[in-house]
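Heads up, the thing below is written out as structure tokens.
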Amino acid sequence: MLVTHAAWVLVVAFTFSLAYESWRATKKAGTSRHDSLESLRSGLAFYAVAAAVIAVLFVGPAWAAWVGLLFCAACLVYGIFVFNPVVMLERQPGIIDCVEDLVYVGLLFVAATLLLYDVLGWTLQRV
């Protein structure tokens, strides 16, 4: 159950992220080297990998939680140590950029926590 919930959280996170990147590529084109249709196209492989990870989480093999957890951890490390200090600053961020970043990273943390709980054999119970 935790793995399925994590998969849905990642669906929301990556849909939100793709919508944001599409907005940056069209409405903010030229603001930075990261804001163009070419940049968006080159980033589609990342979203394809995310879709594959999400599909594995929905199918639910025994190793799915590990794959999802490692993917979330890699996304968080990249976001914190590369995207925010490099890409975000080059984009001259406004309020929409900051909100998107907080929501996306927050959703990644939620998904990672759910997957970690599953890997550790912990459960969530309604009280």
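Please treat every number below as a calculation from the coordinates, not as lab data. Here the structure is a predicted model, which means the values were calculated and not measured. Counting neighbours? That spans all protein chains shown, and the Cβs are built from the backbone with ideal geometry, glycine included.
Spin-label point model (7 Å from Cα, Cβ direction): what's the W122 to V49 distance in nm?
Calculated label separation equals 2.7 nm.
Between L102 and R33, how high is the FRET efficiency from 1/(1 + (r/R0)^6) when r is the Cβ-Cβ distance and R₀ = 30 Å? Nearest 0.05. The partial results should precede the final answer.
Numbers: r = 23 Å, r/R0 = 0.78.
For R0 = 30 Å, the calculated efficiency reads 0.80.
Could you pull out the GluC sites (Glu not before Pro) across segment 18-127 that fall in loop regions by DSSP (anything but H, G, I, E, B) with no more than 16 other Cβ atoms inside 10 Å? Could the numbers behind the result be given before it?
Working: sites: E21, E38, E90, E100; in loops: none.
Those that pass, being in a loop and sparsely packed, number zero.
Loop by DSSP (not H, G, I, E, B), at most 14 other beta-carbon atoms within 10 Å: where is the longest site-free stretch of the chain for chymotrypsin sites (Phe, Trp or Tyr not before Pro)?
Values: sites that count: W63, W122.
Result, exposed sites excluded: 1-62.
Can you list the DSSP H helices in the chain whose Cα atoms extend at least 24 Å along the helix axis and whose mean Kyte-Doolittle hydropathy is -0.5 or higher?
Working: long enough: 2-27 (37 Å, 0.80); 37-59 (33 Å, 1.81); 95-120 (37 Å, 1.84).
Span-like helices in the chain: 2-27, 37-59, 95-120.
Determine the equivalent ellipsoid of the chain by diagonalising the alpha-carbon gyration tensor, then write out the semi-axes as square roots of 5 times the eigenvalues, largest first, rounded to whole Å.
On the way: eigenvalues 171, 43, 28 Å².
Working through the eigenvalues yields semi-axes of 29, 15, 12 Å.
Report the residues of segment 83-127 in range of a label on W63: point 7 Å along Cα→C-beta, backbone N strictly under 16 Å from it.
Those under the cut-off are 119.
For segment 25-126, which trypsin sites (Lys or Arg not before Pro) are both in a DSSP coil and crowded by at most 14 other Cβ atoms within 10 Å? Could the numbers behind the result be given before it?
On the way: sites: K27, K28, R33, R41, R91, R126; in loops: K28, R33, R91, R126.
Those that pass, being in a loop and sparsely packed, are R33, R126.
Any idea how far the Cα center of segment 109-127 sits from the one of segment 68-97, in Å?
24
Quick one: length gained pulling V82 to L70 fully straight, 0.36 nm per residue minus the C-alpha distance? Can you show the working numbers first?
Working: separation 12, 0.36 × 12 = 4.32 nm, distance 1.73 nm.
Here the answer is 2.6 nm.
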